[in-house]
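Have a look at the structure below, then the notes.
The values are calculated or read from the model by the stated rules, or taken from the named source; none is laboratory data. Keep in mind it's a predicted model, so treat the numbers as computed, not measured. Cβ placement follows ideal geometry from the backbone for every residue including glycine, while neighbour counts extend to all protein chains displayed.
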């Protein structure tokens, strides 16, 4: 959650009668809907609908992305998955996710959608964070339209009714981070009134918000809700895009990864300095092109480390990764807790004297162990573990 916003028409105070003033409406009420967090004690957004937002009829549905299922491999080892070798699933975003790794807090997937969602979607289980590795499109929700493009993070709050519309004819390749315990900005980057601090790695201006609301009827009357790990179908008597105004702190946004302001130090800084978003049990980091350490004897390459409390997931986007060889755009490395990991042979020494890096990547450190799916095992690099052995 960023800050409070107001869009469209709202009454002077919440929970007051707010009436339609058009001649054909006869002074009928707009319908207020509260989208809340932590019961009624957390952040919230209040919407004003032309029609009743709570009319649904149960209906069958065939839509929804697959649940993650653990694969056969259980050995403790460093692993590399070439997601660029996965066959593109295509289809609509609601159906297109291919799960790779997961635990009780996050599900990490990739998708290559080539069609718009034919239904409205509501993830009642999780906040969703998409990273647009390739492509562009539109997030259309009851709160308005939000454009996104390559290298954007796109945040979709739990409970929001929306559909994703990829731009036609544009290759799409997205990373999906389903945050089952919610997600947001890091607390240490807020001052006492909730504003982002001046030394935070981003500012309020970096985030794009929905434009609208814009009332429209797309002719779609089907809604799919994910709850309890299952997808439930409903039909609606009218378009859900009937919101005339809203205000609050719960809304989607887009953040370009290259707007993240990296830090540099006298010597190598730990990954926590690249922390961008926090989720339950996970820190989401952005590695962006930056100046590196400026001590004359600094070793810019990450040092070998035994992070006994966290698993590390790294999605490679582009650039020169000084610590790794054999990885490329779309690669995923997975380094589980329990064994040390670090740079490939020769990389540590070779990095001395470098003053900048061009790497671009998305990383997660997770407190709970990640499980690998069969889909990820199907594109695993079997030589990765032995590639760290010198000689």
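When restricted to residues that are under 15 Å from the mean Cα position of the chain (by Cα) and crowded, with 20+ Cβ neighbours inside 10 Å, the range 138-150 contains 3.
If a residue must be within 19 Å of residue 246 (Cβ to Cβ), in contact (Cβ under 8 Å) with a residue 40 or more places away in the chain and part of a loop (DSSP other than H, G, I, E, B), how many such residues does the range 195-217 contain?
Applying the first criterion (within 19 Å of residue 246 (Cβ to Cβ)) to the range 195-217 yields 204, 207-217.
Right, trim to in contact (Cβ under 8 Å) with a residue 40 or more places away in the chain and you get 204, 207-215.
Those left that are additionally part of a loop (DSSP other than H, G, I, E, B): 207, 209-210, 212-215.
Result for the range 195-217: 7.
Consider residue 340 carefully, then state whether it is surrounded by fewer than 20 Cβ atoms within 10 Å (Cβ to Cβ), under 19 Å from residue 272 (Cα atoms) and either free of Cβ contacts under 8 Å to residues at least 40 places away in the same chain or under 19 Å from the mean Cα position of the chain (by Cα) (or both). Answer is yes for this residue. Suppose the filter is at positive phi, modelled with pLDDT of 95 or more and touching a strand residue (DSSP E or B) at 6+ places or on another chain (Cβ under 9 Å); does residue 248 pass it? Yes, satisfied. Consider residue 382 carefully, then state whether it is without any contact (Cβ under 8 Å) to a residue 40 or more places away in the chain, more than 22 Å from residue 289 (Cα to Cα) and outside the structural domain of residue 103 (by TED's automatic domain parsing). Against the criterion (without any contact (Cβ under 8 Å) to a residue 40 or more places away in the chain, more than 22 Å from residue 289 (Cα to Cα) and outside the structural domain of residue 103 (by TED's automatic domain parsing)), residue 382 qualifies.
For the range 293-330, which positions are surrounded by 15 or more Cβ atoms within 10 Å (Cβ to Cβ) and either in the same structural domain as residue 101 (by TED's automatic domain parsing) or more than 27 Å from the chain's Cα centre (by Cα) (or both)? Spell out the reasoning first.
The initial filter retains those residues of the range 293-330 that are surrounded by 15 or more Cβ atoms within 10 Å (Cβ to Cβ), namely 293, 298-302, 307, 310-319, 321-324, 327, 329-330.
Matches in the range 293-330: 293, 298, 299, 300, 301.
How about the range 351-364: which of its residues are exposed (fewer than 15 other Cβ atoms within 10 Å of the Cβ), assigned to a loop (DSSP other than H, G, I, E, B), over 26 Å from the mean Cα position of the chain (by Cα) and on the phi < 0 side of the Ramachandran plot? Explain how you work it out, then say what you get.
From the range 351-364, those exposed (fewer than 15 other Cβ atoms within 10 Å of the Cβ) are 352-353, 355-356, 358; that's our starting set.
The next check asks that each one be assigned to a loop (DSSP other than H, G, I, E, B); those that pass are 352-353, 355, 358.
Pick out the ones that are also over 26 Å from the mean Cα position of the chain (by Cα) and you get 352-353, 355.
If the condition is that a residue be exposed (fewer than 15 other Cβ atoms within 10 Å of the Cβ), assigned to a loop (DSSP other than H, G, I, E, B), over 26 Å from the mean Cα position of the chain (by Cα) and on the phi < 0 side of the Ramachandran plot, then 352, 355 are the ones that fit.
Under the condition of being surrounded by 14 or more Cβ atoms within 10 Å (Cβ to Cβ), on the phi < 0 side of the Ramachandran plot, at pLDDT 95 or above and in a loop (DSSP other than H, G, I, E, B), the residues counted in the range 48-65 number 3.
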